[in-house]
Amino acid sequence: MTTTTPRAVPEQDDAVEHDRTVRFRRYAAALALPVAFLFQLVCNSLYAWASTTSGLTDSGSAADALALYGAFPGTLIAAVVLATVGSMLALLGLPAALRVFRPSRPKLALWAVGLMMTGYLCYFGISFTGFDTVALAVGKVDAAAALDGSPASAWSIPFFVLFVIGNLLGTLLLGLTAFLAARSQETGVPWWAGALIACWTVGHVINIVVTNEWFAVAGGALEIVGLLYVAAAALRLSNRQWVERG
């Protein structure tokens with residue numbers, strides 16, 4: 001008579017089964033991914049409304065930026081808060097996308113997520129300066145000349161460059177990652193979700209060319225739809241898959 005020896009459960013598998021934080025971390029990251037960019041979408045919508053209403057922008061001279069923030073201090077404080085919180089949530093949620101795409105497109109996914117996380121880390125710091133801009137705009141001081149002539153401005157340029165690269169190129173690469181990974185049918189993310197994610201970059205570039213912030217808002221809305229599919233794929237992963245891909 002033959003006997004069957006039960007298969008030994010590896011220590012790692014046993015540890016995963018008993019780690020009660022794995023499921024929480026997976027759900028937290030997956031849900032944070034689209035919510036982070038929903039916060040950015042509302043921020044961009046508030047800024048687009050203020051900019052188109054006033055005809056002013058904060059990307060030109062310091063005088064224009066101060067005039068814009070002085071005209072809509074409450075609206076732009078809300079936008080700054082949304083941008084900073086959204087940036088923090090992006091740092092939590094983007095690793096979920098990396099776990100989804102790692103088996104099929106490991107290098108491209110790493111570049112995309114790495115650039116986006118770097119960009120939004122820089123954006124957190126960039127956005128936070130908005131509080132000071134509001135204070136200067138509503139104060140009784142002539143701050144435009146001081147800001148334009150500040151020697152500190154040059155030190156901020158690399159962080160603005162990193163933000164632009166992570167925000168535009170990183171997002172485009174994440175869309176490309178989703179598009180290419182769909183061919184392997186391992187992720188469960190449709191190819192057109194990748195195209196929707198890339199719409200943020202397309203919409204933002206159109207905004208720069210034609211100077212209309214609402215194109216960026218539209219691109220951000222489409223990006224969120226694509227990210228919802230990525231988040232859903234992350235939620236479908238088992239706890240063991242989540243740990244193995246970490």
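The string of couplings for the range 28-39 from the Karplus curve (6.51, -1.76, 1.60, θ = phi - 60°) is 4, 5, 5, 6, 5, 4, x, 5, 4, 7, 5, 4 Hz, one whole number per residue in order, with x for Gly and Pro. Considering only protein heavy atoms and a 1.4 Å probe, what is the carbon-and-sulfur percentage of the accessible area of the chain? Ligands and nucleic acids excluded, carbon and sulfur reach 67 percent. Normalised per residue, the accessible area of the chain is 53 Å², obtained with a 1.4 Å probe and no contribution from ligands, DNA or RNA. The distance from the alpha carbon centre of the range 61-135 to that of the range 187-246 is 15 Å, rounded to a whole number.
When you count, for each residue, the other Cβ atoms within 10 Å and take the mean per peptide, how do 64-71, 102-109 rank with the highest first? Before the final figure, lay out each step's value.
On the way: 64-71: 20.1, 102-109: 17.2.
Packing proxy ranking, top to bottom: 64-71, 102-109.
Considering the chain, its Cα convex hull presents a mean projected area of 16.3 nm².
The values are calculated or read from the model by the stated rules, or taken from the named source; none is laboratory data. Since this is a predicted model, take the numbers as computed values, not measurements. Methodologically, a virtual Cβ is constructed for each residue, glycine included, from the backbone with ideal geometry; neighbour enumeration extends over all protein chains shown. The area values use the complete protein model at the heavy-atom level, side chains included, leaving out ligands, DNA and RNA. Shrake-Rupley method; radii C 1.70, N 1.55, O 1.52, S 1.80 Å.
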